[in-house]
1. Might you let me know whether the range 67-81 holds any residue that is of a type in the set (V, I, T), assigned to a loop (DSSP other than H, G, I, E, B) and surrounded by fewer than 16 Cβ atoms within 10 Å (Cβ to Cβ)?
2. Suppose the filter is of a type in the set (G, A, S), farther than 30 Å from V18 by Cα and either free of Cβ contacts under 8 Å to residues at least 40 places away in the same chain or loosely packed, with under 13 Cβ neighbours inside 10 Å (or both); does S204 pass it?
3. Criterion first (of a type in the set (G, A, S), at pLDDT below 90 and surrounded by fewer than 17 Cβ atoms within 10 Å (Cβ to Cβ)) does G433 satisfy it?
4. Which of the numbered conditions does V330 fail, given that it passes all the others? Conditions: (1) modelled with pLDDT of 90 or more; (2) exposed (fewer than 14 other Cβ atoms within 10 Å of the Cβ).
5. If I filter the range 336-348 for residues that are assigned to a helix (DSSP H, G or I) and within 18 Å of L436 (Cα to Cα), do I get at least one hit?
6. What number of residues within the range 128-187 satisfy the criterion of being open to solvent by 40 Å² or more (accessible area, probe 1.4 Å), under 19 Å from W93 (Cβ atoms) and at pLDDT 90 or above?
7. Under 9 Å by Cβ, and 6 or more places apart or on different chains, what pairs join a residue from the range 117-141 that is more than 25 Å from P87 (Cβ to Cβ) and of a type in the set (V, I, T) with one that is surrounded by 15 or more Cβ atoms within 10 Å (Cβ to Cβ) and modelled with pLDDT of 85 or more?
8. Filter the range 85-103 down to the residues that are in contact with a Leu (Cβ under 6 Å, 6 or more places away or on another chain) and closer than 13 Å to I146 by Cα, then identify the one that is most open to solvent (accessible area, probe 1.4 Å).
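The values are calculated or read from the model by the stated rules, or taken from the named source; none is laboratory data. Here the structure is a predicted model, which is why all the values come from computation and not from measurement. Here the Cβ positions follow ideal geometry from the backbone for every residue, glycine too, while neighbour counts run over all protein chains shown. These accessible areas exclude ligands, DNA and RNA; they are computed on the full protein's heavy atoms, side chains included. Shrake-Rupley method; radii C 1.70, N 1.55, O 1.52, S 1.80 Å.
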Amino acid sequence: MMSLNKRVLLSAALVLLVFIAGITLTLDRAFYDSARIGVKDRLFARLLMLLGDTEVDESGELEIPTNLLDAEFGHVNSDIYAFVTGPANTIVWRSTSSLNKPIPDITLLEKGKQEFEQITLDEEPYFIYRYSVAWETSSGNYPLIINVMTDTTLLEAQIERYREDLWGWLGLMAVFLLATQMLVLRWGLLPLRTVSTELAAIESGRQESLKGRYPKELKLLTDSINSLITHEHKQQKRYRNGLADLAHSLKTPLAVLQGAIHGGNDEAARLKTIQEQIDRMDNTIQYQLRRAATAGSSPGMRLIPLRSMADRIINTITRVYRDKRPHITVKIDDSMNLRIDEGDLMELLGNLIDNAFKWCRHSIYLSAGYQENQVVIQVRDDGLGISSHEIARILERGVRADQSIPGHGIGLAIVRDIMQVYEGELLISNDPGGGLSVTLRFEQSK
């Protein structure tokens, strides 16, 4: 595929060439029209001069003193000549310069009218200016049509010289503008080439992020790329740490299992120890896998509707706790969204709503709203609550507030870890009306 640089350069060159061609044609036409007007003015000036020298005597005889004629009319090789037609539409006078020139057919013209046009005689183009006058004499009006003509040799020579100069200068201008366009384009696309170079350096491992200073049109792109790179690095780090923590956490139960296998003869105690360590290992594996799989904030994530997600989770957990029928109040506007991984949001709301079902007596309250620049999600139940000194402990992995309630003790720990990844805030407190209140605060999604 053609590079961006070549695409822009080719497009600019085509536009420039079309523009120059249009300008050239426009200027050429304008010069031709101007030159044609110049010929018309020249012929009209000669016609007025000829008219000023014209006399008609009392008998109706036309007199034009030859000694007063302009040199152009008196010279045989002149490019301009004239003739006059009388009342009978016959030529009554012609200049010396017309002796070897073609004369067009006589054209009638109303009194006081004038006409300028281009005609063809003997396959050669000529310009002619006609002017009809009525000369007043004692015997009556004497109609005359004065005709002044010239060939197009001078006009064509002027146009040819003009076109040579025009195309020459515009050609030089086109080359200059194309060269300038190449330099401007190279300078304008320099940030893109810098981005490409830095991305290649990141791919080869020579640097970890885009560090250059970029114009505002590219700033959003480069910031997003850096955010994605940072997100990927964090994700990889979580996986490595999760595997390391998993390996470390499994050492102790594996050692206990090994000791139980080679231990005493109390079969019941040995089986109990084995089952406890298996449960411990299962809880550890579930916790570490969920922790490592936390996606974290990324600019590429889509907005997740909070209300529909909450309804789905409540419907699912309601089927699990069939024996409980608490009154559930949900105050979340349908338009509320949060930029978060869908799996992470399900873990957050799933764990909190599941805990609320476990500990509630009659009611559960779920709400979400905007507070300044944050999205605040709150889950409350009307249970017994928890003592203040145990709030920090229940966030630890494997710790449960009440051992009689089934569970693994990792739900709130997962919520804590997810909130840390999203740089959010997790608040746990006893509700004044009784029960536990858990609040999640996120930076508002944009």
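1. If we filter the range 67-81 for residues that are of a type in the set (V, I, T), which is where we start, we get 76, 80.
Among the residues that remain, those that are also assigned to a loop (DSSP other than H, G, I, E, B) are: 76.
Now drop any that are not surrounded by fewer than 16 Cβ atoms within 10 Å (Cβ to Cβ), which leaves 76.
So far as the range 67-81 goes, yes, one or more of its residues are of a type in the set (V, I, T), assigned to a loop (DSSP other than H, G, I, E, B) and surrounded by fewer than 16 Cβ atoms within 10 Å (Cβ to Cβ).
2. Numbers: of a type in the set (G, A, S): yes; farther than 30 Å from V18 by Cα: yes; either free of Cβ contacts under 8 Å to residues at least 40 places away in the same chain or loosely packed, with under 13 Cβ neighbours inside 10 Å (or both): yes.
So S204 passes the test.
3. Numbers: of a type in the set (G, A, S): yes; at pLDDT below 90: yes; surrounded by fewer than 17 Cβ atoms within 10 Å (Cβ to Cβ): yes.
So G433 passes the test.
4. (2) is the only condition that V330 fails.
5. So in the range 336-348, the residues assigned to a helix (DSSP H, G or I) come out as 342-348.
If we keep only those that are within 18 Å of L436 (Cα to Cα) too, we end up with 348.
The answer is yes; a qualifying residue exists.
6. Number of matching residues: 1.
7. Going by the 9 Å Cβ cut-off, the qualifying pairs are T120/Y126.
8. Here is the first cut: in the range 85-103, the residues in contact with a Leu (Cβ under 6 Å, 6 or more places away or on another chain) are 92-93, 102.
Then keep just the ones that are closer than 13 Å to I146 by Cα; that gives 92-93.
Numbers: V92: 60, W93: 38 Å².
Per the stated criteria, the residue is V92.
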